[in-house]
Amino acid sequence: MSENSNQFLDALKQMQGVEVGDIVDVEVLDIEDGQIDVGVENAGVEGVITRREYTSDRNADLRDLVKPGDKFKALVLRRAGGDKENGEFFFSVTRLKEREAYNKLQKDFEDGNAVEGTVTSSVRGGLIVDVGTRGFLPASLISNRYVSDLKPYIGKTMKLKITEIDPNKNRLILSHKDLVEEEREEAFDKVASQLVVGDVVEGKVSRLTNFGAFIDVGGVDGLVHISEISYKHVDKPSDVLKVGQDVKVKVIGIDNDRHRISLSIKQTEPSPFEQATADLNEGDIFEGEVKSLTNFGAFVEVADGIQGLVHVSEISNKHVDKPSDVLKVGQSVKVKVLNIDPSDRRISLSIKAADSNASSENHNSRPRRSRNENSVNKKYMSDNDNGFALGDIIGDQLKDRK
């Protein structure tokens, strides 16, 4: 057999060795509109790679990407139909990269590793991400917060976790939320270990909602409920705070199980009660105005918006059935401070002890109360009743003083 015949048989053998699904080395022969003509090295086999099988950029000019003589690996897709010279094949570079990417992603998925990808576009329900192959990031898995606008994410590079992978179905589901939650938990544990309830720290407003403000303290968001923003009534947090504002907050709760930190802005400042009673001492006598009457006593204003209770037994040395029998709203009376309770923010007053005609015993000592009177007071002062706790007494006044 001649040398030429042997070479022909060798080439034929090599050509027949190229099978669909093989990975082969190809060399660029020519670039035409929308395709690259290539030859399989040492096989005598030629074929084409279409634009979509070389790049995901549908508008790319292939002449800008390759030139004759370039060599690279490609996946044998299928044999061309018809009787083509050299048994022409179709090849793909993108699918080879996808196969290699899936192999790596499968290992990352099994090992629990995070992967990095670039958002290429948005579709209904989520984002398309390039992680070496096409992956889908559902809108619900972008963040631990609701995301309404997907467009700002296009072009961004993100770290992601693989939640589902199936190369046979070309299915790859990704999540950024899982990483956010993991990082948040780690950050919470670190910050929470350094905080104690009662601590006052510096923070920055990171987000505002209808129910409160989230404050960044050391990289972790804590919540200031709307009721803890100010001693004055606040309709909306955005009325008094803005994102990026520096604030001083007090730690009022740490929930390690739910990874939540409760904060207060108002508790870092003197309360209206503390401000009003700063110069008020037990034993002081002053003029006050009767603001309201109840069956068990009279409320007398001791400072702007602050009221104290004159129990019915402290109105007069004579027996009084009902406060309204001897007092009326708007009346000016002289009262003596019997007790100031900062913890419960309550002030006990006496009209009869302030009476210049009362005996020195009445001036310097509190009258004994019957068991019934004490029980009435106890009920009255409870947080569940209409006692004179600050919030109950001055709530309406504070609304008017916003």
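The values are calculated or read from the model by the stated rules, or taken from the named source; none is laboratory data. Bear in mind the structure is a predicted one, so any value in this text is a computation, not a measurement. Please note: Cβ atoms are built from the backbone with ideal geometry, for glycine as well, and neighbour counts cover all protein chains shown. Ligands, DNA and RNA are excluded from the accessible area calculation, which covers all protein heavy atoms including side chains. Shrake-Rupley method; radii C 1.70, N 1.55, O 1.52, S 1.80 Å.
Would you mind calculating the gained length between Arg145 and Asp355 on full extension (0.36 nm times residue separation, minus the Cα-Cα distance), in nm to one decimal?
Working: separation 210, 0.36 × 210 = 75.60 nm, distance 6.36 nm.
Stretched fully, the Arg145-Asp355 segment lengthens by 69.2 nm.
Determine the order of Ser121, Ser148 by accessible area, beginning with the largest, at a probe radius of 1.4 Å. Intermediate values should be presented prior to the final figure.
Working: Ser121 40, Ser148 95 Å².
Accessible-area ranking of Ser121, Ser148, largest first: Ser148, Ser121.
If I stretch the segment between Glu27 and Arg95 completely, what's the gain in nm (0.36 nm per residue apart, minus their alpha carbon distance), one decimal?
22.7 nm
Quick check: residue separation of Ala60 and Asp255 times 0.36 nm, minus the Cα distance between them. What number comes out in nm?
Details: separation 195, 0.36 × 195 = 70.20 nm, distance 5.40 nm.
That works out to 64.8 nm of additional length.
From the phi angles alone, apply the Karplus equation (6.51, -1.76, 1.60; θ = phi - 60°) to region 125-135 and give each ³J(HN,Hα) in whole Hz, x where the residue is Gly or Pro.
These are the phi-based 3J(HN,Hα) values: x, x, 10, 9, 10, 8, 10, x, 8, 7, x Hz.
Would you kindly derive the ³J(HN,Hα) couplings of region 341-349 from the backbone phi angles with the Karplus curve 6.51 cos²θ - 1.76 cosθ + 1.60 (θ = phi - 60°), listing them in order in whole Hz, with x for Gly and Pro?
For region 341-349, the Karplus curve yields 10, x, 5, 9, 6, 10, 10, 9, 10 Hz.
Per residue of region 18-27, in order, report the coupling 6.51 cos²θ - 1.76 cosθ + 1.60 (Karplus, θ = phi - 60°) as ³J(HN,Hα) in whole Hz, putting x for Gly and Pro.
Coupling constants for region 18-27: 7, 10, 4, x, 6, 10, 10, 8, 10, 10 Hz.
Evaluate the relative contact order of region 199-288 (contact order divided by residue number), counting alpha-carbon pairs under 8 angstrom at least 6 apart; express in whole percent. Walk me through the numbers before you get to the answer.
Working: 156 pairs, mean separation 24.9, N = 90.
28 percent.
Determine which aspartates and glutamates satisfy two conditions relative to Lys169: a Cα distance under 14 Å, and not lying fewer than 8 residues away in the same chain.
Lys169 reaches Glu98.
Can you list residues from other chains, or at least 5 along the same chain, whose modelled amide H is less than 5 Å from the amide H of Ser206?
Phe214, Ile215, Asp216, Gly244
Can you list the residues, at least 5 places off or on another chain, whose amide H is less than 5 Å from the amide H of Asp284, using H built in the peptide plane?
So Asp284 has HN proximity to Val337.
Please give the residues of region 132-163, grouped as numeric ranges, whose backbone N is less than 18 Å from a label point set 7 Å along the Cα-to-Cβ vector of Ser238.
146-149
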